[in-house]
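The values are calculated or read from the model by the stated rules, or taken from the named source; none is laboratory data. Note that this is a predicted model, so its numbers are computed, not measured. Every residue, glycine as well, gets a Cβ built from its backbone with ideal geometry; the counts of neighbours run over all protein chains shown. The accessibility values were calculated without ligands, DNA or RNA, using every heavy atom of the protein model including side chains. Shrake-Rupley method; radii C 1.70, N 1.55, O 1.52, S 1.80 Å.
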Amino acid sequence: MSQDFYETLGVERTADSATLKRAYRKLAMKFHPDRNPGDEAAEHKFKEINQAYEILKDDQKRAAYDRYGHAAFTNGGGGRGQAHGFDADSFSDIFDQFFGDMMGGGARGQGQGGRSSARRGADLRFNLEITLNDAYAGATKNIKVPTSIPCDDCSGTGAEEGSTPEVCPACNGNGKIRSSQGFFMVERTCPGCKGAGRIISSPCRSCRGMGRVEKEKQLSVKIPAGVEEGTRIRLAGEGEAGFRGGPAGDLYIFLSVQPHKVFQREGTMVFCHVPIPVITAILGGEIEVPTVDGGRAKVKVPEGTQTGRQFRLRGKGMPQLNTQIRGDMIIETVVETPVNLNKAQKDKIRALAEDLGEKHAPQSSGFFTKVKELWEDLTD
């Protein structure tokens, strides 16, 4: 007596269809003749696995098997899915199971006109450079994109006006041809239609049967406030036109932000190095600085300000994308040393230096004290 089909697949009798399918694929891959050349035992096991799955995957056949066992499929009772037969059609189903996902689904069962020659157009990329001001406030940019668009003369079908694409007689519209070579089933692209499933006997003269023509497209791109370097904007359906009436691809705009002459940006934070006169650094005062929004802000500088001191202007940074949040602006001072002094000015500064002494320059005096100690340690 033949082995129980559930035992053949190694599943419980209550197994659902997904469990059956997983068990079948695992065993079929293990005992497939391609993996076990010349192994008659593996070939026999492979047939048993197929026979079991052929019955159990069909709800009606499974119900009959659960009630009557193998007797339900003897003496021709099982029709095409007999437990003791193995024909080309059943092997074709196995072929679909193994390779259907990789090929985008089998064409089996599509029948006359089941396969469409239309294909989706390719996605396109466009690099767009914007200014920091564009990134701050948002902008609308007009761009020209070289692409393909549906042919107006044939409305994208690829066929001359008054004619229509015909189903390929060689593959019956499937785009692929299957042939049996002994135990194996071979599938190849149909040479007649080159996989399209349709044959255009009278191609459109404008697009030469492609259904699309090359053209430069003008588009308006809205750039939201707060975009950063590398931000990607997707324009659905603005990519390459589809092949023979297929849907268009998408257009992806990749943004790059030009370096600014004054500001440096890190996320929503804006940094600005501001030179200040040495007198302002010594005595203190007020300076006016630019802001990224095009305005001005006043900053109070305290007495004795050193190079590198930072001042924070809250809410004066970049906006955060798709929110009302704004970052801060950091002002970093750079004390400017006077240049091009005449003799009288230099004499005054020397006199001032003698009068001030080291106590008015604590950082430099402290540094050189440490250096002196270091030298003394090295000479000991």
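At-a-glance table
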{"quantity": "Per-region count, segment 230-262, residues part of a strand (DSSP E or B) and without any contact (Cβ under 8 Å) to a residue 12 or more places away in the chain", "calculated": "0"}
{"quantity": "Single unsatisfied condition, residue 177 versus (1) in a loop (DSSP other than H, G, I, E, B); (2) in contact with a Cys (Cβ under 9 Å, 6 or more places away or on another chain); (3) not basic (Lys, Arg)", "calculated": "(1)"}
{"quantity": "Exclusive hit being without any contact (Cβ under 8 Å) to a residue 60 or more places away in the chain and closer than 30 Å to residue 204 by Cα, set 159, 122", "calculated": "159"}
{"quantity": "Any helices (runs of 4 or more DSSP H) falling wholly within segment 1-60 and containing at least 2 residues that are farther than 21 Å from residue 186 by Cβ and without any contact (Cβ under 8 Å) to a residue 12 or more places away in the chain", "calculated": "17-31, 40-56"}
{"quantity": "Segment 208-217: number of residues that are closer than 17 Å to residue 120 by Cβ and either without any contact (Cβ under 8 Å) to a residue 60 or more places away in the chain or part of a loop (DSSP other than H, G, I, E, B) (or both)", "calculated": "2"}
{"quantity": "Any hit, segment 294-317, residues being under 30 Å from residue 197 (Cβ atoms), at pLDDT below 95 and open to solvent by 50 Å² or more (accessible area, probe 1.4 Å)", "calculated": "no"}
{"quantity": "Qualifying residue in segment 119-140 (condition: touching a Pro at 6+ places or on another chain (Cβ under 9 Å), under 18 Å from residue 217 (Cβ atoms) and open to solvent by 60 Å² or more (accessible area, probe 1.4 Å))", "calculated": "yes"}
{"quantity": "Residue check for residue 243: under 30 Å from residue 151 (Cβ atoms) and either at pLDDT 95 or above or not acidic (Asp, Glu) (or both)", "calculated": "yes"}
{"quantity": "Count of segment 297-319 residues which are assigned to a strand (DSSP E or B), aliphatic (A, V, I, L, M) and under 48 Å from the mean Cα position of the chain (by Cα)", "calculated": "3"}
{"quantity": "Among the residues listed as 198, 212, 232, the single one being basic (Lys, Arg), open to solvent by 40 Å² or more (accessible area, probe 1.4 Å) and within 30 Å of residue 267 (Cβ to Cβ)", "calculated": "232"}
{"quantity": "Residues within segment 263-296 that are without any contact (Cβ under 8 Å) to a residue 24 or more places away in the chain and assigned to a strand (DSSP E or B), tallied", "calculated": "7"}
{"quantity": "Counted residues, segment 197-231 - those being modelled with pLDDT of 85 or more and either basic (Lys, Arg) or more than 15 Å from residue 161 (Cβ to Cβ) (or both)", "calculated": "16"}
{"quantity": "Hey, residue 169 modelled with pLDDT under 85, of a type outside the set (D, E, K, R), farther than 30 Å from residue 322 by Cβ and not in a helix (DSSP H, G or I) or not", "calculated": "yes"}
{"quantity": "Residue match in segment 132-146 (condition: under 28 Å from the mean Cα position of the chain (by Cα), at pLDDT below 50 and of a type in the set (Phe, Trp, Tyr))", "calculated": "no"}
{"quantity": "Failed criterion for residue 220 (all others in (1) of a type outside the set (A, V, I, L, M, F, W, C); (2) part of a loop (DSSP other than H, G, I, E, B); (3) within 21 Å of residue 146 (Cβ to Cβ) hold)", "calculated": "(2)"}
{"quantity": "Residue pairs meeting the criteria (Cβ under 6 Å; at least 6 apart or on separate chains; first free of Cβ contacts under 8 Å to residues at least 40 places away in the same chain, in segment 315-327; second part of a strand (DSSP E or B))", "calculated": "315/326"}
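Residue-by-condition table, conditions (1) buried (at least 18 other Cβ atoms within 10 Å of the Cβ); (2) closer than 17 Å to residue 319 by Cβ:
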position: 223; (1), (2): yes, yes
position: 241; (1), (2): yes, no
position: 266; (1), (2): no, yes
position: 270; (1), (2): yes, yes
position: 285; (1), (2): no, no
